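Participant: Encoded as structure tokens, here's the structure I'll be asking about.
The values are calculated or read from the model by the stated rules, or taken from the named source; none is laboratory data. Remember, it's a predicted structure, so these values are computed and weren't measured experimentally. Methodologically, a virtual Cβ is constructed for each residue, glycine included, from the backbone with ideal geometry; neighbour enumeration extends over all protein chains shown.
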Amino acid sequence: MTRTNAYTLLCIAIRAVIVWVAANSLVGVPSLLFAIRRGEMPLGSAGTSLAIMATVLGLLALAWLFADKLARLALSSPKEQVFESDLEPRVWLGLAISVIGAWFLFVALKDAAYLLVRWVILSRALPGSLTLDNGLDQLLPDAVATVFEAVLAMVFLLRGRGISNMIHRWRYGDLKAEPSDPA
């Protein structure tokens, strides 16, 4: 049994939310790049759009590094509520990443169905075949984002535990079981 507490679980939850927000941000990159290519930047210039995306990812990286500080701020007494668990914190994080992967998989399936319907409607509305000049250009950014979303989903869903172990290795240098405090 591993002793854990509300502080540890809140750190895991904060990091899981950061993974989810970062993945959502990255899924938007193909649409941003296509908009830049077409000269349709809603934020003024390509540099501004890319700077905002980089700032968001930078803030997420800082939140990841200081998740423990955020958890301490959120809890009045972080170490008080202790309980026994068969799962180590890195296993909890792996499960959370896998759940995020399942979320992205279902969203990718929904987006793919929507794109298929749009493609059928466009192909019937426009005579001839769909080309980049004839309407397919509207679907391409969303299609690339959906494929990217599906790839992220599969990585998170199938490799959630491996990602969690990699994070643990980066942080602590090994994969030994975490010590449990005798009570």
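Conditions tested, residue by residue: (1) at pLDDT 80 or above; (2) more than 30 Å from Phe66 (Cα to Cα); (3) touching a Ser or Thr at 6+ places or on another chain (Cβ under 9 Å).
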residue	(1), (2), (3)
Ala102	yes, no, no
Asp111	yes, yes, yes
Val117	yes, yes, no
Arg124	no, yes, no
His168	no, no, no
Tyr172	no, no, no
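Participant: Could you please let me know if Leu130 is at pLDDT below 70, surrounded by 15 or more Cβ atoms within 10 Å (Cβ to Cβ), more than 30 Å from Glu84 (Cα to Cα) and of a type in the set (A, V, I, L, M)?
Facilitator: So Leu130 passes the test.
Participant: Another question, then. Of all residues in segment 64-96, which are crowded, with 18+ Cβ neighbours inside 10 Å, touching a Lys or Arg at 6+ places or on another chain (Cβ under 8 Å) and either at pLDDT 85 or above or not small (Gly, Ala, Ser) (or both)?
Facilitator: The answer is Ala67, Val91, Leu93.
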